[in-house]
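Just below is one structure, and these are the notes that go with it.
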Amino acid sequence: MWRLKLLRHKARGSANNLEFKHKRREFEKGVYFAVLTTNIAHMSYEACMIRGVQSGGEEKAARLAYLRKALRNPESQLTFIKSDNGMHMLIGHPYLLTYLSGQSTKLTELCLYTLGNLCPDSTVVREKLLAQGIVSALASCIHNQRYNLVVVEAVGFTLSQLIQAKDTNEKIIPAVMASGIVPHVISALTPDPEFGYGPAIECTWCLHYLVSSSSDNSMLIAQGALSQCSAVLITLGGAVAQGNREGGIELLIWPLLRCLGNLLVSGGDVKPEDTRLLAALCVFSQVYLHPHPALSRESLWVLNNLTAGSSGFCSGLLLLNMVPILIQLLSFSKGINSMALRVLGNIAYHGTEYCVRLTQAGLLTALCATLKMAEPEVVTLSLEVLYMLVSSCPQVVEEFTRLNGVPLLEAIQYNSEGEQRVRAAYILDHHFPSFSL
């Protein structure tokens, strides 16, 4: 029996997103300042940084810029964090949070990135910042500067660094959800065509960490997270289909897919209503198949979660003639074929009419190929889809026989592992009895 299965990704621990995490950080390096390339001598570092930032006047922004670059260096960051005077100066008074409400965009931006660099690796720093109200300060900052995309991007970066820490669920996430910052984060998901993708990328990662931190995202959905992710993906799908693949567009598509896929898992029966989302997901799965296969698989993962239990979206795939695209993807590995099989199984689950349409599109021929593959998951899924097809009507049984598919089942029955043998034997006994004698 076909198992309608919505699949969830976690915020951390996935090997598939390492490529995009690396590209995202490379992107940040281009957008922000260059990472400090030389180590700062420990003795001069502490004194120079503390005196420089404590001094007032016009040089304060330049001093903070230097500090921010220095804190990108792990050794310098460790030295600074261990320095009682340094942390007392920046957080104890607290300088950086105070500057977030200032009039200087440059100073605010530099303070935000310095905070973001301090957040990930020190529980002590995070606790001090939380006690001083960093979440409310960030919420106020993005509210007041919501039209200043430079600051919005910096807030997104700092917030994403804060909420992806291991201890976020108990203190940080509840504070963020109660702060009023989430609607601003969601509204920033739409990229500005003139400014670029930076703010949208940072804020989408923030949303991803929020979504992944909970099994119940009804509050985020009520605030428009699901509809906004869908709308932006539809827009980006149209752009990619027209050949627009520059400017880091895939760096935005990736976290949007993660957000939407997990929202579909945790949102109950709530699903998007625009079937253009199907076209966008299919475009991504095709266009990024070779340059970024992990992104292609991610698109199919969202498509699986979208179609699981939804006759409307399954009908949409048939009406938009997208089944041939899914069938073509069955020849690719790296989890792409298994995800495509899940989506095709979701369609077949809805009965005879759907199974006939799948057969007419050539799915039986493709299954004859996937049944011979070495990947156990692919073979198992192929058997499950085949069972639904041959159970739908006698014509499908006749077609599979004509394609010499029965010997493939017999080979699985005698040469494969236990679960696959049982499934192959069941199909032979119930739908090809003359061959099983």
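The values are calculated or read from the model by the stated rules, or taken from the named source; none is laboratory data. A quick note: this is a predicted structure, and the numbers were derived from the prediction, not measured. When we count neighbours, we look across all protein chains shown, and the Cβ atoms used for this are built from the backbone with ideal geometry, even at glycine. Each accessible area value is taken on the protein alone, full model and side chains, heavy atoms only, with ligands, DNA and RNA left out. Shrake-Rupley method; radii C 1.70, N 1.55, O 1.52, S 1.80 Å.
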To the nearest 20 Debye, how big is the dipole of the range 267-335 about its Cα centre, given +1 on the beta carbon of each Lys and Arg and -1 on that of each Asp and Glu?
200
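Using unit Cβ charges (K, R positive; D, E negative) and no other charged atoms, how large, in debye to the nearest 20, is the dipole of the range 193-277 about its Cα centre?
Details: 4 positive and 8 negative charges, 25 e Å.
With Lys and Arg at +1 and Asp and Glu at -1, about 120 debye.
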With a 1.4 Å probe and every protein chain left in place, work out the accessible area per residue of the range 203-329 in Å², rounded to a whole number.
32
Dipole magnitude (debye, nearest 20) for the range 235-278, charges at Cβ of Lys, Arg, Asp, Glu
60
Determine the alpha carbon to alpha carbon distance for each of K271/K372; K5/K334; K166/K271; K5/K171; K5/K166; K5/K372 and list only those over 26 Å.
K271/K372; K166/K271; K5/K171; K5/K166
Carbon/sulfur fraction of accessible area - the range 296-403, other protein chains in place, 1.4 Å, %
53
Which whole-number percent gives the relative contact order of the range 263-406, counting Cα pairs below 8 Å spaced six or more residues apart?
19
Once K166, K271, K171, K5 are ranked on solvent-accessible area with the largest value leading and a 1.4 Å probe, the list reads K166, K171, K5, K271
Show me, for the range 173-187, the HN-Hα J-couplings you get by feeding each phi into the Karplus relation (A = 6.51, B = -1.76, C = 1.60, θ = phi - 60°), rounded to Hz, glycine and proline as x.
4, x, 5, 5, 5, 8, 8, x, 7, 4, x, 5, 4, 5, 5
For the range 178-327, what mean projected area does the convex hull of the alpha carbons give, in nm²?
8.7
Over the range 303-437, with a single point scatterer placed on each C-alpha, what log10 of the ratio I(q)/I(0) does the Debye formula yield at q = 0.22 1/Å?
-1.39
Listed residues V182, V124, L210: farthest to the positive end of the dipole of the range 109-222 (Cβ charges):
V124
Which three extents, in angstrom, do the Cα atoms of the range 108-266 have along their principal axes, listed largest first?
48, 34, 26
